[in-house]
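Notes follow the structure.
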């Protein structure tokens with residue numbers, strides 16, 4: 001029985017370590033210590049389109065195998081630094097599948113995968129024309145949010161699904177693997193006693 005308790009403790013510690021090591025957490029400000037999930041998938045950076053209707057038409061013309069529909073446009077969005085280098089987050093409620101970060105000339109499209117309540121982006125994916133991070137104001141000029149259906153490919157060529165099927169996080173696989181090893185070990189000990 002003591003052995004099973006030790007295995008349970010080891011599984012809990014593994015889960016906590018793996019989960020915490022991969023998610024971004026806001027550092028400073030009113031959301032200090034808030035877990036904002038993982039970095040969202042960067043799809044591409046483009047010249048700015050005009051209105052949300054024009055942005056939607058442009059994004060739908062990219063051939064991403066996803067049909068985009070406008071959700072909401074927000075101006076002067078405050079973003080926050082995280083415990084990960086070059087990674088920033090903003091409050092993305094109401095939740096949406098995709099978001100555009102925009103300034104006067106450029107816009108960058110991201111797929112919001114991790115925690116839909118937060119937009120989490122890595123500035124190393126963006127060109128200097130995006131002017132991010134702007135540490136003097138920590139504001140994004142505009143954020144437009146879209147919902148999508150189907151699947152899309154990021155600029156790195158990796159496909160990701162938005163059809164509603166959950167994909168287990170690496171920590172889930174670690175826990176399952178650890179549990180399988182523990183059960184195998186217990187089974188082997190029982191076989192040796194017989």
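The values are calculated or read from the model by the stated rules, or taken from the named source; none is laboratory data. Just so you know, these numbers come straight off a predicted model, no measurement behind them. Reconstructed Cβ throughout: ideal geometry from the backbone, glycine too, with neighbour counts over all protein chains shown.
Just need a number here: residues in the range 104-130 that are over 15 Å from residue 45 (Cβ atoms) and in contact with a helix residue (DSSP H, G or I) (Cβ under 7 Å, 6 or more places away or on another chain).
Looking only at that region, the number is 0.
For the range 117-144, which positions are within 18 Å of residue 76 (Cα to Cα) and part of a loop (DSSP other than H, G, I, E, B)?
Scanning the range 117-144 gives 117, 131, 132, 133, 134, 135, 136, 137, 138.
Here are some residues: 80, 31. Which one is part of a strand (DSSP E or B) and either at pLDDT 90 or above or surrounded by fewer than 16 Cβ atoms within 10 Å (Cβ to Cβ) (or both)?
80 is the lone residue from the list that is part of a strand (DSSP E or B) and either at pLDDT 90 or above or surrounded by fewer than 16 Cβ atoms within 10 Å (Cβ to Cβ) (or both).
Of the conditions (1) in contact with a strand residue (DSSP E or B) (Cβ under 7 Å, 6 or more places away or on another chain); (2) free of Cβ contacts under 8 Å to residues at least 60 places away in the same chain, residue 124 satisfies every one except a single condition; which number is it?
The number of the failed condition is (1).
Just to be sure before I move on: is residue 124 surrounded by fewer than 17 Cβ atoms within 10 Å (Cβ to Cβ), within 18 Å of the chain's Cα centre (by Cα) and on the phi < 0 side of the Ramachandran plot in the structure I sent?
Yes: the conditions hold for residue 124.
Can you pull out the residues in the range 133-157 that are touching a helix residue (DSSP H, G or I) at 6+ places or on another chain (Cβ under 6 Å) and either over 25 Å from residue 25 (Cα atoms) or modelled with pLDDT under 85 (or both)?
Residue satisfying the conditions is 133 alone.
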